[in-house]
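The values are calculated or read from the model by the stated rules, or taken from the named source; none is laboratory data. Note that this is a predicted model, so its numbers are computed, not measured. For neighbour counting, all protein chains shown are included, and Cβ atoms are generated from backbone atoms with ideal geometry for every residue, glycine included. Surface accessibility is based on the protein's heavy atoms, side chains included, excluding ligands, DNA and RNA. Shrake-Rupley method; radii C 1.70, N 1.55, O 1.52, S 1.80 Å.
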Amino acid sequence: MRVQRSATIAQKLADVIGQQISDGVYQPGDKLPSLRELARLHRYAINTVVSAFDILVSRGMIEPRRGAGFYVSAQFRRAEEAEDEPGQLHRAMDTVWLMREQLKTHPDTTAVGDGFPPIEWLADMRMDRYHQKVVRTGLSSLFRYGHRYGYAPLRDSLVRKLGVLGLEVSTNQLVLTQGANQALDLVIRYFVPPGATVLVDEPGYYLLFGKLKLAGARVIGVPRLADGPDLAALENILTTERPRLFFTQSVAHNPTGSDISAAKAYRVLQLAERHNLLIVEDDPFADFKPPSTVRLSTLDQLERTIYIGSFSKSFSAALRVGFIACNTALASDLADLNALIHVSGSEYCERMVDIMLREGHYERHLVKLRQKLSTACASAQQWLDEHDCEVFARSGQSLYLWVAFPGVHDSLQWAEDLLARNVKMAPGRVFHLDSAAISRWSRCNVAAMLDPRFQRAVEALLGTVR
């Protein structure tokens, strides 16, 4: 009986200390009071405190350090933090799950599902050296709201930048936004009333799905093939559903990394004209591709297209500068809508981007960026081939590859297995309108796939699923 009572007291003490750790009273890495201090505080025998500590060690909450006492485990995370961890995939598969993951950084985790290029690819732009130049461009205006269209010199720079891509625009066809996602928000607010039928790529951009559902839209997926939308499916949907908008990524498609072919691009525009369809073309990876890459907007010259771009991928996600290119009447309306909702853009960031574009270092940066991407893409595809993986679309310059690993039928389970080995994946079902549907595909960042930790983890797991 004495043994049973001692165990019960130890369990209760372990629960009390464990709750304090969960509540944040003790943080990871903190030293706990000594055995003698706790025994004196609670008036327990030291053996009871030792038993309580043994229970906490078995739970992974604390760890002993020889000669130094007991410490809260560095691996332990509080309950509210753990709820957001990617390990909770089985109950967190919604449109905001991957967005939450993009905002987290864990040094001990290899983020193969990451949506951004490595920091070292972008660091040579050295934003710190541009601050004084931004201030010198007009200090007084930095204390006021900006123009409703956005900073005029940056729009001038964008006219030249888009001209290199083959898209001829004037400054009154450009509206600056705080990133491409705000640009998508404006278009959705303007064109999509509740109940409206809207088309998207499927698989496609998970955050766009969430925005459209939030707006109350009826969202229909157009199957994405290796060379662009499935034309037969698109034509059938246009005939039967008569949607007004089609949101698509022609180039470096997220998540498949595929590019639209020239023949398919012409056919999509023909269908758009026949069915009075407006195409919203999101192009976040424009800087990663050669200027001659086929785009719907360059072929159409904004007759039935709206073009959205940003600098998050090629400069910095912290510079929230994006833009919308469209016809002049629509640009005026969107500028007014933007002013109504947000009053003004971020002129400081817009001035920063303008200076970065105008200086000669930008062109050198793009050359290096494309070279690094080409090398990483080729190396990643070679490694995948050596391990009998299926690649949905092969590209010489895409940050993403859509990959099916051999023997893997559910990439969600695959993601959970890899997470146990400190590898964070982006399972395919996140990129589908029905996030409960099983997918064998995963979106993989080509740079992250070169990390030996990822390769070792996959090689170890492949031996168990084949």
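LEU154: part of a helix (DSSP H, G or I), aliphatic (A, V, I, L, M), surrounded by fewer than 21 Cβ atoms within 10 Å (Cβ to Cβ) and in contact (Cβ under 8 Å) with a residue 40 or more places away in the chain, yes or no?
Judged against the criteria, LEU154 is not a match.
Residues checked against (1) of a type in the set (Asp, Glu); (2) touching a residue at least 40 places away in the same chain (Cβ under 8 Å):
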| position | (1), (2) |
| --- | --- |
| GLY166 | no, yes |
| ARG189 | no, yes |
| GLY195 | no, no |
| GLU202 | yes, yes |
| ASN236 | no, no |
| THR239 | no, no |
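Answer yes or no as to whether ASP282 is among the charged types (D, E, K, R), in contact (Cβ under 8 Å) with a residue 60 or more places away in the chain and assigned by the TED database to the domain that holds ILE324. Spelling it out, ASP282 is indeed among the charged types (D, E, K, R), in contact (Cβ under 8 Å) with a residue 60 or more places away in the chain and assigned by the TED database to the domain that holds ILE324. For segment 335-375, the set of residues classified as aliphatic (A, V, I, L, M), in contact with a helix residue (DSSP H, G or I) (Cβ under 8 Å, 6 or more places away or on another chain) and either closer than 29 Å to LEU186 by Cβ or exposed (fewer than 15 other Cβ atoms within 10 Å of the Cβ) (or both) consists of LEU337, ILE341, MET352, VAL353, ILE355, MET356, LEU357, LEU366, LEU369, listed by residue number.
Among the residues of segment 412-453, write down those that are in a strand (DSSP E or B) and closer than 16 Å to TRP402 by Cβ. Reasoning before the result, please.
Going through segment 412-453, the residues in a strand (DSSP E or B) turn out to be 423-424, 426-427, 441-445.
Selection gives ALA426, PRO427, TRP441, SER442, ARG443, CYS444, ASN445.
Taken together, LEU225, LEU208 contain a single residue that is among the aliphatic types (A, V, I, L, M), over 15 Å from ASP282 (Cβ atoms), assigned by the TED database to the domain that holds LEU186 and buried (at least 16 other Cβ atoms within 10 Å of the Cβ), which is LEU225. Against the numbered list (1) within 13 Å of GLY257 (Cβ to Cβ); (2) open to solvent by 30 Å² or more (accessible area, probe 1.4 Å), ILE438 comes up short only at (1).
From GLY428, GLY396, which residue is among the small types (Gly, Ala, Ser) and either open to solvent by 40 Å² or more (accessible area, probe 1.4 Å) or on the phi > 0 side of the Ramachandran plot (or both)? Even if it seems obvious, please write down each step before you answer.
Working: GLY428 fails: either open to solvent by 40 Å² or more (accessible area, probe 1.4 Å) or on the phi > 0 side of the Ramachandran plot (or both).
Of GLY428, GLY396, the one residue that is among the small types (Gly, Ala, Ser) and either open to solvent by 40 Å² or more (accessible area, probe 1.4 Å) or on the phi > 0 side of the Ramachandran plot (or both) is GLY396.
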